[in-house]
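The structure appears below as structure tokens.
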């Protein structure tokens, strides 16, 4: 399924131009020409990347950046503006923009920025899915360890009571039955020992490094 991009641009001609360029790259393009339209699109759709004009007729694109920053699974934003002010670029990046383009937008730079953002988004989602799976696995480990402990306590009681009965019962058949119960309990206890030493019951030694920070570092080093 093609990635969805949202192009927020109040200049009709420029919006059509950006849309044409990005559609040729295989993306599905959503459009908005104001803050209100952009908010509506973000409520209804889940774009991967937002190409965002800073100066819109009903406010600043920075308001969209603020909104995206508050959402954990938000799309990445590539900010565009007619201003080449360093302060504008710094503010956009401070608010969480992935990249910054100055108008007139160079199509090659646009394509490269969007490709980087899409790849970063995919890697970020993969990293989050890995973390979710790790958390689920650790929860299952904790449940298994708790169950093993609970079973072990009951086996200890059974073994103790069986040994006491063996000392008190004189009937050979009853003693033989108790011996079988004792052996079965000991085997079950040994099975628990084996399970505890298995990987599933061992506390996972997962790296505490943040996969998102690792991804950002890789991008800074030019590996992503």
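The values are calculated or read from the model by the stated rules, or taken from the named source; none is laboratory data. Small disclaimer: the values here were computed from a predicted structure and weren't measured. Note: ideal-geometry Cβ built from the backbone for every residue, glycine included; neighbour counts use all protein chains shown.
The table for this structure:
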{"read-out": "Test: residue in the range 4-12 that is over 16 Å from residue 114 (Cβ atoms) and in contact with a strand residue (DSSP E or B) (Cβ under 9 Å, 6 or more places away or on another chain)", "value": "yes"}
{"read-out": "Top-ranked residue in the range 28-41 [being over 15 Å from residue 16 (Cα atoms) and out of contact with any strand residue (DSSP E or B) (no Cβ under 7 Å at 6 or more places or on another chain); ranked as surrounded by the most Cβ atoms within 10 Å (Cβ to Cβ)]", "value": "37"}
{"read-out": "Considering residues of the range 61-86 that are farther than 19 Å from residue 124 by Cβ and free of Cβ contacts under 8 Å to residues at least 12 places away in the same chain only, the residue surrounded by the most Cβ atoms within 10 Å (Cβ to Cβ)", "value": "85"}
{"read-out": "Selection status of residue 145, modelled with pLDDT under 90, surrounded by 12 or more Cβ atoms within 10 Å (Cβ to Cβ) and not assigned by TED's automatic domain parsing to the domain that holds residue 191", "value": "no"}
{"read-out": "Selection within the range 102-131 - within 16 Å of residue 53 (Cα to Cα) and surrounded by 17 or more Cβ atoms within 10 Å (Cβ to Cβ)", "value": "105, 110, 113, 114"}
{"read-out": "Test: residue in the range 133-141 that is surrounded by 15 or more Cβ atoms within 10 Å (Cβ to Cβ) and more than 30 Å from residue 77 (Cβ to Cβ)", "value": "yes"}
